[in-house]
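Note sheet for the following structure.
The values are calculated or read from the model by the stated rules, or taken from the named source; none is laboratory data. Worth saying up front: this structure is predicted, and the values here are computed from it rather than measured. Neighbour counts are summed over all protein chains in view; Cβ atoms, including those assigned to glycine, are modelled from backbone coordinates with ideal geometry. The protein model used for the area step is the full one, side chains on, heavy atoms only, and it has no ligands, DNA or RNA in it. Shrake-Rupley method; radii C 1.70, N 1.55, O 1.52, S 1.80 Å.
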2 protein chains.
Amino acid sequence: MMRYDQLIHEGPRQSSPSLLQLASVSATVFCAVFGIGYTFSGGLVENYATTRPVQTQPAALILPKAVRYAGVSQGPQVESREARTALHAAATGTVNRDSTLQRPKVDPKKTVLIGVAADSGCGKSTFMRRLTGIFGGGKPTPLGGGFGTGGWETNTLVSDKTTVMCLDDYHLNDRAGRKVTGLTALDQRENNFDLMFEQMSSLKRGETIAKPIYNHVNGTLDTPEEIAPASIMIIEGLHPLLDDRVAGLLDFSIYLDISDRVKFAWKIQRDMAERGWALEDIKKDIEKRKPDFDKYVAPQRAKADMVIEVLPSRLAPPKDETAPLEYLRVRLIQKTTTKHFDPVYLIEKGSSVTWKPCGDNLQCEYPGLQLAYYTEEYMGHPAEVLEMDGVIHNLKEGLYVEKFLHNTGAKEFGELTQELLKGQNSPGGDNGTGFMQTLAALKIREIYERATGEKA
Amino acid sequence: MMRYDQLIHEGPRQSSPSLLQLASVSATVFCAVFGIGYTFSGGLVENYATTRPVQTQPAALILPKAVRYAGVSQGPQVESREARTALHAAATGTVNRDSTLQRPKVDPKKTVLIGVAADSGCGKSTFMRRLTGIFGGGKPTPLGGGFGTGGWETNTLVSDKTTVMCLDDYHLNDRAGRKVTGLTALDQRENNFDLMFEQMSSLKRGETIAKPIYNHVNGTLDTPEEIAPASIMIIEGLHPLLDDRVAGLLDFSIYLDISDRVKFAWKIQRDMAERGWALEDIKKDIEKRKPDFDKYVAPQRAKADMVIEVLPSRLAPPKDETAPLEYLRVRLIQKTTTKHFDPVYLIEKGSSVTWKPCGDNLQCEYPGLQLAYYTEEYMGHPAEVLEMDGVIHNLKEGLYVEKFLHNTGAKEFGELTQELLKGQNSPGGDNGTGFMQTLAALKIREIYERATGEKA
């Protein structure tokens with residue numbers, strides 16, 4: 001039987017992979033990359049690990065299979081899949097393995113599984129960088145990668161303590177297959193929740209899995225890759241909460257809710273400005289996706305422990321319905337009944353506050369900054385909401401805001417501001433998206449520590 | 001020469017005159033009594049001092065006279081005045097004197113003069129009770145009074161440390177006289193600012209004055225009354241700030257600004273419900289007063305150090321334009337540049353905050369409570385505004401609110417709430433009018449202490 005502690009170092013690696021390197025990786029995480037106006041080309045690509053493409057499958061490895069659970073609606077798996085994709089290889093015991101990863105074995109009781117739901121192009125990759133960045137001391141190492149240099153296309157992001165998996169890898173059919181079924185990737189029936197549940201259960205039991213890979217570039221299902229359990233495992237994609245069995249495995253879940261107006265603006269920014277699309281085409285494209293999105297993705301908001309809702313600014317609203325959105329209003333909706341989780345609040349728990357920090361003590365540039373905090377019933381659940389509109393221009397403002405926030409998950413005063421500063425140049429680094437994502441990252445660290453009793 | 005320390009006790013007095021007694025007095029302070037739906041009939045009237053109606057005028061006493069200062073516009077003083085009013089008597093050296101008042105002599109350097117501007121019927125009497133109530137240990141004793149029992153009608157309210165004078169006493173002509181001039185009492189020309197300035201200057205120098213009395217019941221100018229300097233002297237009425245010389249004597253000034261909608265509602269409440277007027281008559285009556293009010297009274301807002309603005313609630317707005325106003329929104333507009341005065345603020349000085357204390361930690365009844373704080377440019381001056389909408393139902397809420405307020409002028413935490421409780425059953429005791437008036441009272445005490453170095 002294969003020993004997982006005997007993985008081989010292969011290829012040169014950066015001694016200190018940075019945010020910049022992570023950013024390079026994110027350029028390949030297509031399920032989460034658009035809409036941010038922020039991509040790096042792969043100047044560091046040659047540093048990624050190459051792997052032996054075909055390797056014998058050890059008996060303990062959980063391989064994808066076409067199990068069907070009672071009561072689960074799953075669509076037809078079309079012929080093309082078997083023929084075209086590497087899942088076929090997986091079924092025959094083939095798997096890609098990152099020989100460079102030397103992760104210490106993880107006690108299954110000391111792990112958490114976090115779900116992040118969002119549409120594609122909603123800034124998940126940026127969010128994931130913020131999340132993994134919180135778990136300090138890590139050298140974030142992409143698992144696999146090395147596209148075009150003998151490695152494989154991967155959607156998975158690995159650092160010392162965290163592994164982020166993209167749920168697009170559980171698409172039931174590849175792009176060609178979906179043309180046969182006539183269903184979108186948003187459709188429940190086009191996703192293999194049986195396998196997703198089985199593999200997530202395995203990871204939580206401390207078992208290594210052979211996860212399928214959906215190749216976003218060519219729409220194929222590639223040779224599976226080996227994923228070992230990590231302290232903080234994150235699954236991000238369209239449906240981490242749709243299947244109740246998978247949702248039941250999660251220790252915490254977040255839904256990134258980009259409002260239609262913001263999605264529209266981001267799509268205009270990308271598809272009109274960068275790809276020369278007409279406005280009508282963009283509208284049609286959005287409308288086409290909307291029914292399945294509303295049916296299969298949006299309802300997960302009701303199940304999420306936390307929703308980050310991105311809306312047009314009220315402080316500096318857009319001029320008209322197609323104007324670019326220079327400023328955003330972001331709501332952090334926090335379910336109050338979640339285990340190991342105390343909502344972040346502003347000034348006074350349980351009351352309603354609106355606060356513009358700009359004034360006598362703090363000079364802000366246009367459009368300034370407004371925070372709010374209040375309770376509300378969110379999709380049938382009691383929730384506490386922290387809201388931010390406008391921008392934070394500098395460190396001083398960050399500290400000033402931090403002073404009035406409680407339960408941030410920061411280990412000392414100023415840590416939130418330090419983390420904001422780290423992500424200053426990332427998309428949304430000065431607005432509510434960066435702010436709330438950073439808070440979410442701190443809270444996830446807190447949940448990890450409370451749930452496992454470990455220090456992160 | 002008469003000795004003022006030899007004033008005679010006359011008639012029985014209550015050993016501990018209470019708010020209730022003050023309230024009885026207020027029923028005679030017509031210049032400030034309507035619109036509150038709150039009047040006491042004079043069950044205690046027989047306890048008020050009676051006086052010798054005619055007494056020789058000592059040489060040192062400053063008597064009203066018809067001085068005209070250069071550059072001051074003053075209207076004609078019609079014949080009727082000389083014939084009908086007691087100012088005539090004053091001119092001949094007659095004055096009413098409260099033989100019961102044993103006020104210790106006051107060091108002129110240890111006094112403050114406060115101006116309170118407002119239209120008639122704007123709750124000034126309630127405000128005055130709150131103000132005088134703050135100066136603890138006092139036995140609020142009305143100066144004079146005893147209407148119908150041998151005393152005189154007075155608008156003046158006296159307690160241990162405070163004397164409140166009504167500026168209607170400086171009307172130039174009586175009601176009959178105004179019929180001759182054709183001017184309203186709101187008109188600058190119908191008020192004797194020369195005398196007002198002269199007498200206020202005298203009080204500030206430590207001199208006793210013989211102040212005229214305007215009788216609101218029959219519209220006559222009665223025999224003047226003797227007023228001795230007090231630690232805290234308050235002049236309240238239509239024009240404490242209109243004449244720059246008088247305004248220049250004030251240590252602090254407040255304008256009670258009742259918005260038109262609120263005035264209308266209060267007038268409907270009184271004149272329709274209690275006097276059977278038609279709605280049209282009420283509207284006409286308001287319109288008739290409006291031009292002179294806007295010309296002579298309203299502009300004083302720009303000069304006031306503090307404006308208490310009373311508006312319809314936004315939390316629970318009235319159903320239509322004639323509906324009664326069950327709930328109010330009250331703004332405490334505080335000029336930031338006033339000597340001895342630091343504005344009250346909510347949570348964080350100089351920023352903008354809106355706060356609904358009701359929520360998890362505090363259950364409020366409908367319509368709840370909302371506080372706000374922000375800076376604004378008010379009539380050309382930088383100001384900090386504290387705002388309250390809705391009601392405070394109980395002590396707990398008061399304390400909860402007090403916890404987040406700073407610079408209240410309270411000497412210890414809880415004092416604001418105690419004062420609110422004292423006025424609980426007074427008009428506006430549970431809403432922003434009572435709240436802001438109580439804060440204003442605490443701030444006036446603070447100004448007195450800072451300006452004089454004395455403990456109040």
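Of note:
- Apportionment of accessible area to carbon and sulfur, the range A:305-452, percent (1.4 Å): 47
- For A:ILE258, nonlocal amide neighbours, meaning residues 5 or more places apart or on other chains whose placed amide H falls under 5 Å from its own, are A:ASP119, A:VAL310.
- Inter-copy spacing of A:LYS349 label points, which lie 7 Å from Cα along Cα→Cβ, given in nm from shortest upward: 2.9
- Amide H to amide H distances under 5 Å link B:ASN96 with B:GLU225, B:GLU226, where only residues 5 or more positions off or on other chains count and H is placed in the peptide plane.
- Nearest residue to the symmetry axis between A and B, taken on chain A by its Cβ, in whole Å: A:THR354, 2
- Separation of the A:ALA302 and A:GLU321 label points, Cα + 7 Å toward Cβ, nm: 2.9
- Sequence-ordered 3J(HN,Hα) estimates for the range A:342-359 from the Karplus curve with 6.51, -1.76 and 1.60 and θ = phi - 60° stand at 10, x, 5, 9, 9, 6, 9, 4, x, 9, 10, 9, 10, 9, 9, x, 5, x Hz, glycine and proline given as x.
- Shielded residues, the range B:344-367 - accessible-area loss of 20 Å² or more between chain alone and all protein chains, probe 1.4 Å: B:ILE347, B:GLU348, B:LYS349, B:GLY350, B:SER351, B:SER352, B:VAL353, B:THR354, B:TRP355, B:LYS356, B:ASP360, B:ASN361
- For the chain pair A and B, buried accessible area totals roughly 1400 Å², probe 1.4 Å, rounded to the nearest 100.
- Label-to-label distance, nm, for residues given as B:VAL217 and B:LEU399 (7 Å Cα→Cβ offset): 4.6
- For the range A:305-452, lysine pairs with C-alpha atoms less than 16 angstrom apart, excluding pairs fewer than eight positions apart on the same chain, total 9.
- Nearest-0.05 FRET efficiency for B:HIS406 and B:ASP360, computed from C-beta distance (R0 22 Å): 0.40
- Each residue of the range B:314-328 is assigned a 3J(HN,Hα), and the resulting list reads 9, 5, 9, x, x, 5, 8, 6, 10, 5, x, 9, 6, 10, 10 Hz, derived from the Karplus form 6.51 cos²θ - 1.76 cosθ + 1.60 (θ = phi - 60°), x at Gly and Pro.
- Note on B:ARG175: accessible area approximately 100 square angstrom, rounded to 10, probe 1.4 Å, nucleic acids and ligands left out.
- DSSP beta bridges in the range B:178-313 [antiparallel fraction, %, rounded to 5]: 50
- Note on B:THR184: accessible area approximately 50 square angstrom, rounded to 10, probe 1.4 Å, nucleic acids and ligands left out.
- Taking the square roots of five times each eigenvalue of the Cα gyration tensor of the range B:305-452, the equivalent ellipsoid has semi-axes of 24, 18, 15 Å, listed largest first.
- 7 Å along Cα→Cβ, label-point gaps from A:ASP320 to other copies, nm, shortest first: 4.0
- Rounded to the nearest 10 Å², the accessible area of A:CYS364 at probe 1.4 Å: 40
- Accessible area per residue (1.4 Å probe, heavy atoms of protein chains only) ranks A:PHE264, B:PHE435 as A:PHE264, B:PHE435, with the largest value leading.
- Placing a label point 7 Å from the Cα of A:LEU279 along the Cα-to-Cβ direction, the distances to the matching points in the other copies come to 4.7 nm, shortest first.
- For the range A:305-452, the per residue solvent-accessible surface stands at 38 Å², with DNA, RNA and ligands left out and a 1.4 Å probe.
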